[in-house]
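Here the structure comes first, spelled out in structure tokens, and everything after it is commentary.
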Amino acid sequence: MGITNRKWEKAVELIFLFSALISVFSLAAITVYLFARGFPAIREIGAINFIFGMEWNPTADNPSYGIFPMIYASAASTAGAVILSVPVGLSAAVLLAAVAPSCLANLIRPCVDLLSSIPSVVYGYFGLTVIVPLISEYLGGPGNSLLAVIVLLAVMILPTIIKISENSLRAVPVEIIRGSYALGATKTETIFKVMIPAAGTGILSSIILGIGRAVGETMAVILVCGNAVQIPRSVLDMVRPMTANIALEMSYADPFHESALFGTGIVLFIFIAAVNIIINILSGRITGRNMSVQPVLKNRTEG
Amino acid sequence: MDPARINLSGCFNRMVYGQNKRMPQDMVKKVFFGLVNFLVIIIIISASTATRNIDDRDIKIDETDPTPLDAGSVLLVKNSAVITIEGSTSAAVLFEVLAEAFMEKNPEIKVEIMANGTNAAIKAVRNYNADFGMVSRHLKANEKTPGMKEIIIAWDVLAVVVNPENRIGNLQRDQISAIYSGRITNWSAVGGSDMPIHVISREEGSGTYQAFRSLAGIEKVTRSAQVTDGNGSMLEGVAGKINSIGYVSMGFINNRVKVISIDGIYPTKENILNNLYTLKRPFSLIYYEQREKNGTDEFIEFLHSDEARSIISKKYIPAE
């Protein structure tokens, strides 16, 4: 019996290992394929010309392959969406985790869940038929614009930010919160000075995931961004983020054009990796600060 | 709880973990059944692909067999005949209707159409991934390879469209070119009301884009043009914005947009056949002379029939 038992343990462990390796291999395969397909074009065009070029005319007689306006568009739309979404999402998370009575929280939580399960093409169509005309009517311009992308992406990443922030706020040890009350802090002070700093890592990871979704979103963005390859002078100008470029032109591309689109994918890949690394470094710093918060609280309660 | 189930799960646990349970029952069950499910799915998938491969091989052997086939095997080949067509999204609208009529007459032949663009069609035909390619422009010299045939089936007309509320009804050809190049940016410059022109174009590489650019004599479409990814979203854009201008294949026109005349000439049938209206492009079929004859001859023959011509002429101009 004992031997069978150990064999089973081993087998189950191997199955787990195998499952974990599937994701590693998938990542490796995608990365290798992406670079193998995209690198030839980048080398031929020149990395500097490709990344900082301002003109994108792959089918012109004198083709040019510059994707800087698209990098700019991806960065601007993501940054805008995060700036809009984080304060709203965080406030909602605080409400759900600490303020709302459970009946209200139980009403809001399913709505947030439902919001995250709407397919992105539905978001896109909503954006095209509601947000775009509204922008065009009240703010002017064509309506298909950077602003439309920002608003749409902000709504799309809201559930991610709310869910993960709420969970990390709930995970703050109750001793710390009680300690704060015991020191005479009000509820608001406790939320802003104790709970949010203590849940900092979790909140940051919610922002990272939100950024990931915003940068990678394609279908909804294509429908509302207008797809013009230009550096927007205002939020009312049309833009084309990198994902939209790939999806829009892939089906018609000749081999070299296709390789340039894979090159866009490489830049996107590096872009997301860089954002993740930067935020991870930042989050490391904030965790460091957390460590110093806790002893202070402890000392005071002891004193 | 029914006793049989308790017994079963107890037995299962003993089998897996011996007498001392170390994992909660539920989790063991979930993991185990999950894995079983996974394996079953994999087996089913691999089994079905395996059978499909065998089927393919059988048919190929039949087709390449130089000896005359008896009636039975001819029937077998005919029943499984599939024509694959890939290519231009604009042309696909027409070819889908044609294919339906063709399949009604020839129920033993199945036509599969994939709308994925003109360039994809050339790629697919060259790689023998498709029997036919639908192409919505004239092939460039370097795209033709020896043995590739190109037959024009229909003429498609590109209509320049504006919002119905726009009072513009006619534009000169060079005004259109200037608008699309970004040299004219306000409707007042071409006799309209004072509002900025919202230019809508198509994505690089689309057949409609390339045809329009060369037919209207536009060197480079302005950078601030909106780019849409299909005839449908083009119409949506023009219908939704009062100051916009766009171009679509005639087959897509609906009453939410207004077709304008160019140099005073409307895209009517007579004007197109007289070559007065010049924004037209061919819808052609490309294929290799040497190909699998699984119903492709019948399809080509059908495309030249009167029935096909009457279908084509509903929205397009049949080629002479």
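List of remarks:
- Residue check, A:PRO87 part of a helix (DSSP H, G or I), touching a residue at least 24 places away in the same chain (Cβ under 8 Å) and either more than 15 Å from the chain's Cα centre (by Cα) or surrounded by fewer than 14 Cβ atoms within 10 Å (Cβ to Cβ) (or both): no
- Per-region count, the range A:213-255, residues over 21 Å from the mean Cα position of the chain (by Cα), within 15 Å of A:GLY66 (Cβ to Cβ) and more than 7 Å from every other protein chain (Cβ to nearest Cβ): 1
- Of all residues in the range A:188-204, those satisfying the criterion of being over 14 Å from A:PRO173 (Cα atoms) and of a type in the set (A, V, I, L, M) are A:ILE203, A:LEU204.
- One residue stands out among those in the range B:204-225 that are at the interface with another protein chain (Cβ under 7 Å from one of its Cβ atoms) and over 22 Å from the mean Cα position of the chain (by Cα): the one that is farthest from B:VAL135 (Cα to Cα), which is B:SER224.
- The set of residues in the range A:39-66 that are over 14 Å from A:LEU261 (Cβ atoms) and assigned to a loop (DSSP other than H, G, I, E, B) comprises A:GLY46, A:GLY53, A:MET54, A:GLU55, A:ALA60, A:ASP61, A:ASN62.
- Taking (1) open to solvent by 60 Å² or more (accessible area, probe 1.4 Å); (2) of a type in the set (D, E, K, R); (3) in contact (Cβ under 8 Å) with a residue 60 or more places away in the chain in turn, B:LYS280 satisfies each apart from (1).
- Of the strands (runs of 3 or more DSSP E) contained entirely in the range B:69-162, those carrying at least 2 residues that are at pLDDT 85 or above, surrounded by fewer than 21 Cβ atoms within 10 Å (Cβ to Cβ) and over 16 Å from the mean Cα position of the chain (by Cα) fall at B:148-162.
- Residues of the range B:263-308 satisfying the condition of being in contact with a Pro (Cβ under 9 Å, 6 or more places away or on another chain) and either closer than 15 Å to B:ILE83 by Cα or not in a loop (DSSP other than H, G, I, E, B) (or both): B:LYS280, B:ALA308
The values are calculated or read from the model by the stated rules, or taken from the named source; none is laboratory data. Every value quoted in this text rests on a predicted model; they were computed, and no experiment measured them. FYI the Cβ positions are ideal-geometry reconstructions off the backbone, even for glycines, and counts take in every protein chain you see. For the accessible areas, the whole protein counts, side chains as well, though only heavy atoms, and no ligand, DNA or RNA atoms are used. Shrake-Rupley method; radii C 1.70, N 1.55, O 1.52, S 1.80 Å.
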